[in-house]
Amino acid sequence: KKAFSLMRLTCHLFILILFFSHSSFSTAAELRIPGSNFSLLAPDTFTELSEADIDLKWGSRNPNRPKWAIGTGRMGTTISYSVNPIDISAELISEVVEGMQKNMSRVVPGITWLNYGVQTINDKDWAYFEFTSYGLDQDIHNIMLIRASGEVMAILNFNSVTRDFLKYEEELRASIESLRVTGDQ
């Protein structure tokens, strides 16, 4: 009987090892976002985008282009960080959500809201927006997190072309859940 139990235990351990070795998030490392006080676990299949890549994806003259980004090889799924010079530190996060949701509903082409509100991640409140919208050549599934960081509005954007979102959803949501803020500014 002991041999049978040991064999079952060995089999279960082998299955767990296989599962974790094939999970693309199993070796994810904590990544500190340059120029910010944020860190997160980044999918190990994502690489840091160069300035040329950021220019190509978001446009070199785009005032809203990210300061930093990581993504898949073809940049169809990315995690990016940007700042807006608006100081929202004195506003309630719920007011930020309300104002941004109304404004985005007017200006984002083809926006379909999936969720928005205040989300607490590792004891910090974030304005949370999840939606799909029209892109230049394909639809986008977007998860945007916003909070005050000193006198600027910090924006983290987790997005994917809609046809690839399900492929990367688990990794994107795991990165969101791992998000940490060190020393509020």
Let me check I've understood the local charge: for R65, count other residues with C-beta under 9 angstrom from its C-beta, Lys and Arg +1, Asp and Glu -1. What total comes out? +2
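Roughly to the nearest percent, how much of the accessible area of segment 59-148 is carbon and sulfur, given a 1.4 Å probe? Before the final figure, lay out the partial values.
Details: 2320 of 4880 Å².
On segment 59-148, the fraction of accessible area on carbon and sulfur atoms equals 47 percent.
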Only loop residues by DSSP count here, and only those with at most 13 other Cβ atoms within 10 Å; note down the GluC sites (Glu not before Pro) in segment 68-116 that meet that. none
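Could you pull out the pairs from K57/K167; K102/K167; K57/K124 whose alpha carbons sit more than 26 Å apart here? Walk me through the numbers on the way to the answer.
Working: K57/K167 20 Å; K102/K167 30 Å; K57/K124 30 Å.
Long pairs (Cα-Cα over 26 Å): K102/K167; K57/K124.
The values are calculated or read from the model by the stated rules, or taken from the named source; none is laboratory data. This is a predicted model, so every value here is computed, not measured. Methodologically, a virtual Cβ is constructed for each residue, glycine included, from the backbone with ideal geometry; neighbour enumeration extends over all protein chains shown. Just the protein is used for accessible areas: all its heavy atoms, side chains included, with ligands, DNA and RNA removed. Shrake-Rupley method; radii C 1.70, N 1.55, O 1.52, S 1.80 Å.
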